[in-house]
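The values are calculated or read from the model by the stated rules, or taken from the named source; none is laboratory data. Please read all numbers here as calculations on a predicted model, not as lab measurements. Here Cβ is always computed from backbone atoms with ideal geometry, including for glycine, and neighbour counts include all displayed protein chains.
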Amino acid sequence: MRKRITLLTVIVFLINFLTIAYAQDGNRLFSDDFSTYANVWETQDTPDYTADYDQDNLAFFMDIRTTEQEVWSTPRSSLDLTAYVIEVTAVIDATSAADSMAGLLVNYVDEDNFYVFILRASGYYEVRLRLDGEWLDRPLVFGKAPQAESYRLSVQNQNGVFELGLNGEPLVPFVNTELSGGKFGLYAQSGDGPMLVRFDDYLVRDLRPES
């Protein structure tokens, strides 16, 4: 009798596990490993910077050749989301200036209103908010990142409650309701010198309740 109960318990557990896993995967709205042009990210090529697909490394790169220059890109299928999880892997090249930064662009309403969750080449992370064309004086979150060759950045937002992750480790959560909805994308900014960053494995999940 004990063996039957144990076997039944295992079967029920596996069914529940597979159901949960399927439900989580069903919330996936968007993913891109940049191996093709299917999602059509916005590309730019100017004397100051280039944002384009890297066919050799199967990534999306931003190469900024001037100081204090911003670059961002959104995909053609970028949705207007209010509750989401967004992730990306970022590798900032070792030749980049220490004060350069790169990461996730979220709640992008327009060029004057958005959040960024960025990693600095110097090894620090922060969340910044641009509101009505001006950056807030202080970052919403700031901290020291563990040393690594690449970083997996994640942002979860539900009704202005933000939860952050860096290489699978949770960071300090925060609340900010200045912006709701908006598109998602990639962001980079040079500092006192040039910078180069490559992005890979972009993922978006929808956290809105199913209707």
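Conditions (1) touching a Pro at 6+ places or on another chain (Cβ under 7 Å); (2) among the hydrophobic types (A, V, I, L, M, F, W, C); (3) modelled with pLDDT of 95 or more, marked per residue:
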position: GLY26; (1), (2), (3): no, no, no
position: LEU29; (1), (2), (3): no, yes, no
position: ASN39; (1), (2), (3): yes, no, no
position: PRO47; (1), (2), (3): no, no, yes
position: ALA51; (1), (2), (3): no, yes, yes
position: ASP54; (1), (2), (3): no, no, yes
position: ALA59; (1), (2), (3): no, yes, yes
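For the stretch 151-180, which residues satisfy the criterion of being exposed (fewer than 12 other Cβ atoms within 10 Å of the Cβ) and touching a residue at least 40 places away in the same chain (Cβ under 8 Å)?
Of everything in the stretch 151-180, just one residue is exposed (fewer than 12 other Cβ atoms within 10 Å of the Cβ) and touching a residue at least 40 places away in the same chain (Cβ under 8 Å), namely ASN159.
Hey, among ALA90, ALA94, which residue is assigned to a strand (DSSP E or B), aliphatic (A, V, I, L, M) and modelled with pLDDT of 95 or more?
Only one candidate qualifies: ALA90.
Please go through (1) within 13 Å of the chain's Cα centre (by Cα); (2) not in a strand (DSSP E or B) for LEU164 and return the number of the only condition it doesn't satisfy.
(2)
With the checklist (1) more than 24 Å from LEU203 (Cβ to Cβ); (2) in a strand (DSSP E or B) in hand, flag the one item GLU178 doesn't pass.
(2)
Can you pull out every residue in the stretch 43-62 that is in a loop (DSSP other than H, G, I, E, B) and touching a Lys or Arg at 6+ places or on another chain (Cβ under 8 Å)?
PRO47, ASP48, ASN57
Give VAL71, VAL106 a once-over and let me know the one that is in contact with a Phe, Trp or Tyr (Cβ under 6 Å, 6 or more places away or on another chain), over 20 Å from SER190 (Cβ atoms) and part of a strand (DSSP E or B).
Checking each option against the conditions leaves just VAL106.
Residues in the stretch 61-82 that are small (Gly, Ala, Ser), modelled with pLDDT under 95 and either crowded, with 18+ Cβ neighbours inside 10 Å or more than 22 Å from ASP206 (Cα to Cα) (or both): how many?
In the first step, residues of the stretch 61-82 are kept if they are small (Gly, Ala, Ser); the result is 73, 77-78.
Remaining after also requiring modelled with pLDDT under 95: 77-78.
Cutting the leftovers down to either crowded, with 18+ Cβ neighbours inside 10 Å or more than 22 Å from ASP206 (Cα to Cα) (or both) gives us 78.
Looking only at that region, the number is 1.
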